[in-house]
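Let me begin by presenting the structure, written as C-alpha cells, before commenting on it.
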Amino acid sequence: MIAAIITAAGSGLRLGPGDPKAQRMVRGLPLFVYSLRTLCANQLIDHIVVVVRSDAVDEVKDFIAHDPIAGPSSTEVNVVAGGATRQESVALGLASMDAGVDHVLVHDAARALVPAEVVEAVIARLMDGALAVVPVIEVTDTIRSQVDGVLGVVVDRNSLRSVQTPQGFTREVLVRAHQSVGVAATDDASLVEALGVQVVGVNGSPEAFKITYPTDLIFAEALIDQQEAGSR
Ligand code: C5P
C-alpha cells in the first residue's frame with residue numbers, strides 16, 4: 001500500500017503577512033488543496049496524511065470533508081498536527097500511518113502545482129525496486145558558495161540538480177532515517193542518504209517549484225489560470 005504525507009505545517013514567513021502558507025488562499029483555494037487533489041487523483045495512492053499546524057487541524061479537516069474533489073475521493077485522508085521543524089512534521093505524519101503501508105511519498109504543500117506526471121514517475125521507480133526516489137531538475141543560475149558573508153567559488157552547475165518533492169521511499173527506510181539521531185536535514189532523501197542508502201533521481205518539473213516568496217504566488221496564480229483555461 002502506498003501512502004503520502006503532505007507537509008503543510010510551516011509558517012511561511014518569507015511569503016509575507018497573512019495566513020500560514022499552506023492555508024493561504026490562492027485563486028479561491030487554500031494552497032495545500034492543490035497538491036492534495038493531485039495526490040488523491042493518483043489511483044496508486046491509498047492513504048494521505050496532511051500534516052498541519054496544531055491550531056489548524058479542525059479547520060483543515062472540515063475543509064477537506066467539504067472539498068468537491070478530495071472529500072468524495074476513495075483515498076483515505078487524515079489530518080494530524082505537525083512539529084516545530086519540517087523533519088518533525090514528517091516524523092509525526094509517518095507515526096500516524098496504517099500498518100499496511102509499505103511505501104511512502106513525502107510532499108511539500110508549498111510545491112502546490114506539482115504535475116501528476118512527476119508523482120507517477122516517482123511511484124514507477126519505487127515499484128521498480130528503488131528504496132529512495134527524488135524528482136530533480138537542472139540548475140539554471142550560476143551557483144557560488146558563500147561562507148560568513150564572503151563569496152567563494154562557483155560550483156559547476158552541470159553537476160548540480162535542484163531537488164523537489166514528492167520524494168518516495170520504502171516505509172522501512174524512511175522510518176529508519178527518521179530514527180537516526182543527530183542528523184538535521186531540509187529533505188528526507190538527505191536523511192536516507194546518511195544511512196548509506198542510494199537515492200535515485202527521476203525527472204522533476206519547473207511547475208513543481210516551491211512557493212516561497214510573494215512573487216512565487218503571482219507565478220502560481222498565472223499557472224493556475226493557464227491550466228483552467230486549458231481545461232475549458
Ligand atoms: O520551510 P520550507 O519551505 O522548507 O518548508 C517546506 C515544507 O515543509 C512546507 O510545505 C511547509 O509547510 C512544511 N513544514 C512543515 N512543518 C514545519 C515546517 C515546514 O510541515 N515545522
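Bear in mind that the values in this text are calculations on the coordinates, not laboratory data. Values in this document were obtained by computation on a predicted structure and should not be read as measured data. Note that we place each Cβ from the backbone using ideal geometry, even for glycine, and neighbour counts take in every protein chain shown.
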Among the residues of region 39-90, write down those that are within 13 Å of the ligand (Cβ to nearest atom), surrounded by 22 or more Cβ atoms within 10 Å (Cβ to Cβ) and closer than 27 Å to VAL173 by Cβ. VAL49, VAL50, VAL51, VAL52, VAL79, GLY82, SER89, VAL90
Which condition number in (1) surrounded by 23 or more Cβ atoms within 10 Å (Cβ to Cβ); (2) more than 24 Å from PHE209 (Cα to Cα) is the one that ALA99 fails? (1)
Among the candidates ASP62, ASP19, single out the residue that is outside any helix (DSSP H, G or I) and acidic (Asp, Glu). ASP19
Looking at the structure I just gave you, is LEU13 of a type outside the set (Gly, Ala, Ser), out of contact with any helix residue (DSSP H, G or I) (no Cβ under 7 Å at 6 or more places or on another chain) and without any contact (Cβ under 8 Å) to a residue 12 or more places away in the chain? yes
Condition check for ASP98: touching a residue at least 40 places away in the same chain (Cβ under 8 Å), away from the ligand (no atom under 16 Å from the Cβ) and among the acidic types (Asp, Glu): yes
For residues that are farther than 17 Å from LYS61 by Cα, touching a residue at least 12 places away in the same chain (Cβ under 8 Å) and out of contact with any helix residue (DSSP H, G or I) (no Cβ under 6 Å at 6 or more places or on another chain), tally how many sit in region 71-88. 3
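What strands (runs of 3 or more DSSP E), lying completely within region 115-207, carry at least 3 residues that are surrounded by 13 or more Cβ atoms within 10 Å (Cβ to Cβ)? Before you say what the answer is, go through the steps one by one.
Working: elements: 132-138, 143-147, 150-155, 161-163, 167-170, 200-203.
Where strands (runs of 3 or more DSSP E) fall fully within region 115-207 and carry at least 3 residues being surrounded by 13 or more Cβ atoms within 10 Å (Cβ to Cβ), they are 132-138, 161-163, 167-170, 200-203.
Let's see how each residue does on (1) over 18 Å from the mean Cα position of the chain (by Cα); (2) farther than 24 Å from ALA132 by Cβ:
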| residue | (1), (2) |
| --- | --- |
| ARG14 | no, yes |
| LEU29 | no, yes |
| ARG37 | no, yes |
| LEU44 | no, no |
| ASP55 | yes, yes |
| ALA84 | no, yes |
| LEU94 | no, no |
| MET97 | no, no |
